[in-house]
1. If you go through the stretch 224-253, how many residues are in a helix (DSSP H, G or I) and either under 30 Å from Lys103 (Cα atoms) or in contact with an Asp or Glu (Cβ under 9 Å, 6 or more places away or on another chain) (or both)?
2. If we only count helices (runs of 4 or more DSSP H) wholly inside the stretch 50-144, which ones have 1 or more residues that are closer than 26 Å to Gln244 by Cα and charged (D, E, K, R)?
3. Scan the stretch 72-93 and give yes if some residue there is at pLDDT below 95, in contact with a Phe, Trp or Tyr (Cβ under 6 Å, 6 or more places away or on another chain) and surrounded by 19 or more Cβ atoms within 10 Å (Cβ to Cβ), otherwise no.
4. Return the total of residues in the stretch 197-218 being touching a helix residue (DSSP H, G or I) at 6+ places or on another chain (Cβ under 7 Å), part of a helix (DSSP H, G or I) and acidic (Asp, Glu).
5. Between Leu221, Leu258, which is modelled with pLDDT of 90 or more, hydrophobic (A, V, I, L, M, F, W, C) and not in a loop (DSSP other than H, G, I, E, B)?
6. Given the residues Val20, Val24, Val11, which is the only one that is buried (at least 24 other Cβ atoms within 10 Å of the Cβ), of a type in the set (Val, Ile, Thr) and in a helix (DSSP H, G or I)?
7. How many residues does the stretch 47-105 contain that are hydrophobic (A, V, I, L, M, F, W, C) and touching a Cys at 6+ places or on another chain (Cβ under 7 Å)?
Amino acid sequence: MHTTQISPSVVITTYNKPDVLEMVLLSLNLQTCKNFEVIVADDGSTTETKQLITKISKKLNYPIKHIWQEDKGFRAAQIRNKGAAAAKGNYLIFLDGDCMVRKTFIERHISLAEKKCMVVGKRIQLQNVLSKKVVQSKIMISNWSLWSLLIEKSKGQLDKCIRSIYITNKLPFMNFFRKKFSSSTPSFNFAIWKNELLSVNGFDGEFTGWGREDDDLVYRLKDSGITTKSALCAIQVFHLWHKQADTSLLSKNEQRLLDTIYHKNPTFAKNGINQYLDIKKC
């Protein structure tokens, strides 16, 4: 495993969903792990998001930073790089701004941390009706029992609630299983050592529009000797429903991903995180 003292930073991407972001920040306020910071990586939201962060920061038991960039379309790769650059911690946990977390979220990410390894979490997808209820009534669904989740599943309001079952990594076969059967890397829930992210210059900022910037990162990390490990039955988030993202630039991004897979793109991204490393709090 690792012997380095872990200092976690949670990097949350968001865009014009202050009511949903509020629920995510409140769920982080219940963490069993107390020593962490949060960076809200804002891809061009209007002033409502900044106002929310200013207001809610008084209620939070962790430090929070707001990193903002101008709205020029979907630029998740760039804003994640900016958020990661602003992080003080040596271990980065990436989370989407519509994903609520259990109170053990950070604790379990730390327990699975390993050098030369990215930890990839899972999600439980909420449907529209339940998502609206959670946000409007400020329901902390991330505290619900498996039985309560099964009831909502029977109503068709969420999926894969079996993922909320926890299997400790102390069992000898689990670490092997999680590495052997690790899947792709959805960027809504994953963790990596900051220095290892820097070793490939972070996300490739040439990716604009929705899709494939996270897969590209995985391939470049793999080329540099960093593997992935699934956090199945350990770290899941509750993904609140939203409309499908605009995929008009997906084919362009898929072509760029293919260029990475076939080594036409450098492992060290040209348009990466290094240009933001002196970024300050907005």
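The values are calculated or read from the model by the stated rules, or taken from the named source; none is laboratory data. What you see is a predicted model; the values in this text were computed from it and never measured. Neighbour counts are summed over all protein chains in view; Cβ atoms, including those assigned to glycine, are modelled from backbone coordinates with ideal geometry.
1. Of all residues in the stretch 224-253, those in a helix (DSSP H, G or I) come to 250-253.
Those left that are additionally either under 30 Å from Lys103 (Cα atoms) or in contact with an Asp or Glu (Cβ under 9 Å, 6 or more places away or on another chain) (or both): 253.
Result for the stretch 224-253: 1.
2. The helices (runs of 4 or more DSSP H) meeting that bar are 76-86, 128-136.
3. The answer is yes, given that some residue of the stretch 72-93 is at pLDDT below 95, in contact with a Phe, Trp or Tyr (Cβ under 6 Å, 6 or more places away or on another chain) and surrounded by 19 or more Cβ atoms within 10 Å (Cβ to Cβ).
4. In the first step, residues of the stretch 197-218 are kept if they are touching a helix residue (DSSP H, G or I) at 6+ places or on another chain (Cβ under 7 Å); the result is 197-198, 200-207, 209-213, 215-216.
Okay, now just the ones that are also part of a helix (DSSP H, G or I), so 197-198, 213, 215-216.
Right, trim to acidic (Asp, Glu) and you get 213, 215-216.
So the answer is 3.
5. Details: Leu258 fails: modelled with pLDDT of 90 or more.
None of the others qualify; the one that does is Leu221.
6. Details: Val20 fails: buried (at least 24 other Cβ atoms within 10 Å of the Cβ); Val11 fails: in a helix (DSSP H, G or I).
Matching residue, one of Val20, Val24, Val11: Val24.
7. Initial filter on the stretch 47-105 (hydrophobic (A, V, I, L, M, F, W, C)): 52-53, 56, 60, 64, 67-68, 74, 76-77, 79, 84-87, 92-95, 99-101, 105.
Still in the list and also touching a Cys at 6+ places or on another chain (Cβ under 7 Å): 67-68.
Of the residues in the stretch 47-105, 2 are hydrophobic (A, V, I, L, M, F, W, C) and touching a Cys at 6+ places or on another chain (Cβ under 7 Å).
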